[in-house]
Every structure is written in C-alpha cells, then in structure tokens.
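The values are calculated or read from the model by the stated rules, or taken from the named source; none is laboratory data. Since the structure is predicted, the reported quantities are computational estimates derived from the model, not experimental observations. In this analysis, Cβ positions are derived from the backbone assuming ideal geometry, glycine residues included, and neighbour counts consider all displayed protein chains.
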C-alpha cells in the first residue's frame, strides 16, 4: 500500500481510496497515478509520463490526452482541483507528486 495525504493506493488489487472511500479510476488514470506514486518527490517531465502510459496495444497517447487525464485525476483525488496539493505542476518542467 502506498499512502500520500488522504489517498491510499492498494497496488496488489488495483484500488484507490481517498479519505477511506474508494475512488474509481480508469486504467490510464491508475497507470499515471502509479507512475507518480513510484516517483514521489521527483519532477516528471511530460515526456517521461507519456513513455510510462504508452498504450500496451501500441497506440500513442498524445500530450493533450495526458493533460486531460491529469485534470481528471485531480478532480477525483484533490480537495480543491483548481489548487492542487497532491499532483503539482512544476512550471516549465512537468509534474510532481509529494514534496
């Protein structure tokens, strides 16, 4: 299990909880979240994230798709998605989870 603030990721069964309640994520949202969780405190560039979420069928996941999915993750996991504290934007570099 991985914990960050009030979000818990149960990687063995692929479930995510926020404040004790299960949050339902798409497979791509979950893969992005796991990528962040495995790199807590590190700034990940958009390119690094895109490499991690490349579709297993070989379908390219584009930059706009990444933006949309990070927005959706914030809406599901952040208390105030417009002022994120969990998944932070590092202007000019990418994104970061945790401190």
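Kindly indicate whether any position in region 55-69 is under 17 Å from residue 6 (Cα atoms), in a helix (DSSP H, G or I) and out of contact with any helix residue (DSSP H, G or I) (no Cβ under 9 Å at 6 or more places or on another chain). No - not one qualifying residue is present in region 55-69.
Please tell me if residue 56 is surrounded by fewer than 11 Cβ atoms within 10 Å (Cβ to Cβ), at pLDDT below 90 and either over 13 Å from the mean Cα position of the chain (by Cα) or farther than 13 Å from residue 87 by Cβ (or both). So residue 56 passes the test. Of everything in region 12-37 that's loosely packed, with under 14 Cβ neighbours inside 10 Å and either in contact with a helix residue (DSSP H, G or I) (Cβ under 9 Å, 6 or more places away or on another chain) or assigned to a loop (DSSP other than H, G, I, E, B) (or both), which residue is modelled with the lowest pLDDT? Checked region 12-37; the qualifying residue modelled with the lowest pLDDT is 12. Return the residue satisfying two criteria in turn: it lies in region 38-53 and is part of a strand (DSSP E or B) and within 18 Å of residue 86 (Cβ to Cβ), and of such residues it is farthest from the chain's Cα centre (by Cα). Here the answer is 43.
Kindly check whether there is at least one residue in region 75-89 that is at pLDDT below 90 and exposed (fewer than 12 other Cβ atoms within 10 Å of the Cβ). So far as region 75-89 goes, no, none of its residues is at pLDDT below 90 and exposed (fewer than 12 other Cβ atoms within 10 Å of the Cβ).
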